[in-house]
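Peer 1: Before I ask anything, let me first share the structure, which is written out below as structure tokens.
Since every read-out is calculated from the coordinates, none of them should be taken as a lab result. Everything numeric in this text was worked out from a predicted model, so none of it was measured. We place every Cβ from the backbone using ideal geometry, glycine too, and count neighbours over all the protein chains shown.
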DNA sequence: GCCGTTTTCGGCCCGACTGTTTTCAGTCG
């Protein structure tokens, strides 16, 4: 069983945490954290890179030493450095690091002086008054730490669509002060990340005191964490934390850049600045004392010698080098999308009729809409058998004669059965305009079997698009295990396409796999999988996922007109 | 532990807020 990149990344992260608590060299710790992130963001399997000795050390932040460690982990599944760190540390100590307000320095004091091994020990020590008089543990910080420890139920990240709603309402509230000149949502929400940890908002305004007070008095605020004249932080009732930062107009671009992140991207940009003798911070770009840029983000990039980099690319996954070498992608935009290739109607589990969905899609300016009911296997939602599918096809033909401005495509979301065969016979599939295929059962087959199942399904000459490829539900169901690179290569060889499902619960295919797919040369369809009219508006989330995967309009088939798309759907014999 | 268009040694991003300080360390983003 190959070692996954995520497992290697987690091992490095744990080493970094444990070294930090030990008080090891901070740059060594940084090196492990950096390496963890690089491995997690790879578009290829690290285990495959091990074979080529140079491939690993060519990665940024991976030198001879760490390359050797990655190789050893891939070979043996074990990481001696981690085991040594664990043997030196108290067992539950790592969870302490996740308590806000409790960092490595304080944890070290707890371990050394009180022999505390975890959250439970911490509570007991505090109840017993053992923290009193210890340097760095005043009454306020102890109270904060205990309160935070109580709410420690693992990491909570908010789904993109929810974060977007919460942020928009808050921005509207702040605009109500009429003191705001510019306001933007930054952070991972602006980068279109699939989940958002907390919200970052920045503004320029007439009276920062009034705006900060307005922020703290927002009706959804549960707790004010910090309250300064330029920066404040609150926790909302929904559980999400929000930072608001107020900056001068001449610093707005610099602050937007800084607050948008990602942190590794910012560090990379600042480091480029340092090499040019410049200081880059959230107020601008400075040469000595003199500000030479920062009103716009474009100025920041220009001063460090780069073209503008779109927020979705700012993950330090190669975008800095690409920018320097003039090979940044020309990212696909929502307005490039000309049709939707996955939706349901009342014929299976959708809420609206074909006519209603068609009209809604036409209003959105789409040129075509594929009607993709479930196939017979999904009996629970009255999936279509051959007979009902043919009836629907005849209705669609008639509708297309009447409809103006939009074309309905005859289609179906056909189940991929366990043996890799499709749920409907070839003679009906061949009559469809486009065949969308997906897995809804046996999502947890062993990786080798799952890979074979998907590729066998693609061997069917009528297979066009693999829908929600990994089957994951964000925060609820892990992705199915299969060899994603083999599947992507098989798709390219057969002229099959891969869906990017825009449902905020799915966002499937994940961004790093989109990037792998692009490198392999496979084409994508961004689809909403709409079950109701309002779902057609989810397209924006699919597009931002595609952008995070570096996709350009030519990588996405539904940026084409129907005649062009029709050509692409013809599979090689 | 990584890295080099000043460097193979000596650097490694930067600032705000809080609490506990009596001038600053710790934490966070």
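Peer 1: Add -39500 (n - 2.57) for each DSSP H run of 4 or more in chain A, then divide by its residues: what number comes out at 222 nm, to the nearest 500 deg cm²/dmol?
Peer 2: On the way: 25 runs with 247 residues, N = 573.
Calculated at 222 nm, the ellipticity per residue is -12500 deg cm²/dmol.
Peer 1: Whole angstrom only: what separates the Cα centroid of segment A:266-287 from the Cα centroid of segment A:112-136?
Peer 2: 41
Peer 1: For segment A:414-573, compute Rg over Rh where Rg is the Cα radius of gyration and Rh is the Kirkwood radius from the inverse mean 1/r over Cα pairs.
Peer 2: On the way: Rg = 14.6 Å, Rh = 15.7 Å.
With Rh from the inverse mean 1/r over Cα pairs, Rg/Rh is 0.93.
Peer 1: Would you give the gap between the C-alpha center of segment A:41-77 and the C-alpha center of segment A:489-529, rounded to a whole Å?
Peer 2: 26
Peer 1: Measure nothing but the geometry: give the 0 to 90° angle between the long axis through the Cα atoms of A:263-275 and the longest principal axis through the Cα atoms of chain A, rounded to 10°.
Peer 2: Relative to chain A, helix A:263-275 is tipped by roughly 60 degrees.
Peer 1: Listing A:562, A:330, A:550 from the residue with the fewest other Cβ atoms within 10 Å to the one with the most, what is the order? Walk me through the numbers before you get to the answer.
Peer 2: On the way: A:562 15, A:330 10, A:550 26.
Taking fewest neighbouring Cβ atoms as first place, the list is A:330, A:562, A:550.
Peer 1: Per 0.36 nm of contour for each residue apart, how much would the distance between residue A:519 and residue A:87 grow if the chain were fully extended, relative to their Cα-Cα spacing? Write down the numbers at each step before the final one.
Peer 2: Values: separation 432, 0.36 × 432 = 155.52 nm, distance 4.18 nm.
Gain on extension, residue A:519 to residue A:87, equals 151.3 nm.
Peer 1: Considering only DSSP beta bridges with both partners in segment A:159-242, what is the antiparallel share in %, to the nearest 5? Mind dumping the intermediate values first?
Peer 2: Values: 13 of 14 bridges.
Percent antiparallel among DSSP bridges in segment A:159-242 is about 95.
Peer 1: Oh, and also: Rounded to the nearest 0.05, what FRET efficiency do residue A:135 and residue A:493 give with R0 = 51 Å and r taken as the Cβ-Cβ distance? Could you check? Present the calculation step by step, with values, prior to reporting the outcome.
Peer 2: Numbers: r = 65 Å, r/R0 = 1.27.
My answer for the efficiency is 0.20.
Peer 1: Looking at chain A, what % of its DSSP beta bridges pair antiparallel, to the nearest 5?
Peer 2: Numbers: 26 of 55 bridges.
Given both bridge residues lie in chain A, the antiparallel proportion sits at roughly 45 percent.
Peer 1: If you don't mind, another one. If the label point is 7 Å along Cα→Cβ of residue A:144, which residues in segment A:213-247 have backbone nitrogen under 11 Å from it?
Peer 2: A:225-227
Peer 1: What translational diffusion coefficient, in µm²/s and rounded to a whole number, does the Stokes-Einstein relation yield for segment A:157-287 at 10 °C and a viscosity of 1.306 mPa s, taking the hydrodynamic radius as the Kirkwood radius over Cα pairs? Before the final figure, lay out the partial values.
Peer 2: Details: Rh = 15.1 Å.
Here the translational diffusion coefficient equals 105 µm²/s.
Peer 1: Which ordering of A:308, A:301 is given by a fewest-first count of other beta-carbon atoms within 10 Å? All intermediate terms of the calculation are to be shown ahead of the outcome.
Peer 2: On the way: A:308 13, A:301 20.
With the fewest neighbours first, A:308, A:301 line up as A:308, A:301.
Peer 1: Shifting gears a bit: How far apart, in nm, are two points set 7 Å out from the Cα along the Cα-to-Cβ line at residue A:447 and at residue A:275?
Peer 2: In this crude label model, residue A:447 to residue A:275 measures out at 3.5 nm.
Peer 1: Find how much the distance from residue A:327 to residue A:28 grows on full extension, using 0.36 nm per residue of separation minus their present alpha carbon separation; answer in nm with one decimal. Mind showing how you got there, number by number?
Peer 2: On the way: separation 299, 0.36 × 299 = 107.64 nm, distance 3.21 nm.
Once the chain is fully extended between residue A:327 and residue A:28, it gains 104.4 nm.
Peer 1: Using only Cα atoms, tell me the angle between helix A:484-494 and the longest principal axis of chain A; keep it within 0 to 90° and round to the nearest 10.
Peer 2: Taking Cα atoms only, the helix is inclined about 30 degrees.
Peer 1: How large is Rg over Rh for segment A:289-438, taking Rg from the Cα atoms and Rh as the Kirkwood inverse mean of 1/r across Cα pairs? It would help to have the intermediate numbers written out before the result.
Peer 2: Numbers: Rg = 22.9 Å, Rh = 18.7 Å.
Reported Rg/Rh, Kirkwood definition of Rh: 1.22.
Peer 1: I'm checking a number: the convex hull volume of the Cα atoms of chain A, normalised per residue, in Å³. What is it? The partial results should precede the final answer.
Peer 2: Details: hull volume 103.1 nm³, N = 573.
That works out to 180 Å³ per residue.
Peer 1: Taking Cα atoms, how many degrees apart are the long axis of helix A:447-459 and the longest axis of chain A, rounded to 10 and kept between 0 and 90?
Peer 2: Once rounded, the angle reads 30 degrees.
Peer 1: So if R0 is 25 Å, what FRET efficiency would residue A:112 and residue A:10 give, r being the distance between their Cβ atoms, rounded to the nearest 0.05?
Peer 2: The pair residue A:112/residue A:10 has a calculated efficiency of 0.40.
Peer 1: Same structure, new question: Which FRET efficiency, nearest 0.05, do residue A:218 and residue A:532 yield, Cβ-Cβ r, R0 41 Å?
Peer 2: Numbers: r = 31 Å, r/R0 = 0.76.
Between residue A:218 and residue A:532 the formula returns 0.85.
Peer 1: How do A:514, A:74 rank when sorted from fewest to most other Cβ atoms within 10 Å of their own Cβ?
Peer 2: On the way: A:514 25, A:74 20.
So the residues, fewest neighbours to most, are A:74, A:514.
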